[in-house]
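Shown next, in structure tokens, is the structure this report addresses.
The values are calculated or read from the model by the stated rules, or taken from the named source; none is laboratory data. In this text the structure is predicted, and so the values were computed from the model without any measurement. Counting neighbours? That spans all protein chains shown, and the Cβs are built from the backbone with ideal geometry, glycine included.
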């Protein structure tokens, strides 16, 4: 059974700092990995999608990397802003897994002024 | 805008009552999903439909039924609501036209008293 772990569970940083969120998974036979953002009381917004054949994806100040062999992905946020405060979730889709996603429990990020 | 639409956004039920959560997507996705999100438990898959005409159980199917009405619509039914079903419910869809990434609805906050 695929297990997805996110560390740390919570993180507080001052504005402007660069930061890294970690995601690890136990089964490396993945089809893709997706990072989401969730604001309090809201739904999930897709940030980045990395296919199994890719090493990284970038969107603006966000960069996500994937290392299948070690079962790890990182989300790098450059020059953090208070508006980045949210919970960040990673989710893994297995190859042949019926299209299902397995989610980590998230990292709650607070960026302070 | 294209996306996943869920109704209702909020609902309060009495124990034993029944209700149906509605979900529709307009992205021509083949697969649709129902998740529940609980504090400390993360997102857990209730049921999914890999394609029109098929449905399968996820991680926590007990107490729920689903119907894939057509390619666009996937409903979740609680036949006899219990307090343990108090949660936030998310519908999602995925398709090959977006690299297999998921798109989520904005959620239904359900309270069973």
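Looking only at residues in segment A:68-85 that are at negative phi and in a loop (DSSP other than H, G, I, E, B), the one that is surrounded by the most Cβ atoms within 10 Å (Cβ to Cβ) is A:80.
Please verify whether residue A:65 is within 16 Å of residue B:99 (Cβ to Cβ), more than 14 Å from chain B (Cβ to nearest Cβ) and assigned to a strand (DSSP E or B), treating the condition exactly as stated. First the steps, then the outcome.
On the way: within 16 Å of residue B:99 (Cβ to Cβ): no; more than 14 Å from chain B (Cβ to nearest Cβ): yes; assigned to a strand (DSSP E or B): yes.
Answer is no for this residue.
The set of residues from segment B:67-104 being loosely packed, with under 14 Cβ neighbours inside 10 Å, in contact (Cβ under 8 Å) with a residue 24 or more places away in the chain and either in a loop (DSSP other than H, G, I, E, B) or touching a helix residue (DSSP H, G or I) at 6+ places or on another chain (Cβ under 7 Å) (or both) comprises B:79, B:80, B:82.
Condition test on residue B:15, is it at pLDDT 95 or above, surrounded by fewer than 21 Cβ atoms within 10 Å (Cβ to Cβ) and either in contact with a helix residue (DSSP H, G or I) (Cβ under 8 Å, 6 or more places away or on another chain) or in a loop (DSSP other than H, G, I, E, B) (or both)? Yes.
Among the residues of segment B:46-59, those that are within 13 Å of another protein chain (Cβ to nearest Cβ) and in a loop (DSSP other than H, G, I, E, B) comprise B:50, B:51, B:54, B:55, B:58, B:59. Taking the numbered list (1) farther than 14 Å from residue B:85 by Cβ; (2) loosely packed, with under 13 Cβ neighbours inside 10 Å in turn, residue B:62 passes all entries but (1).
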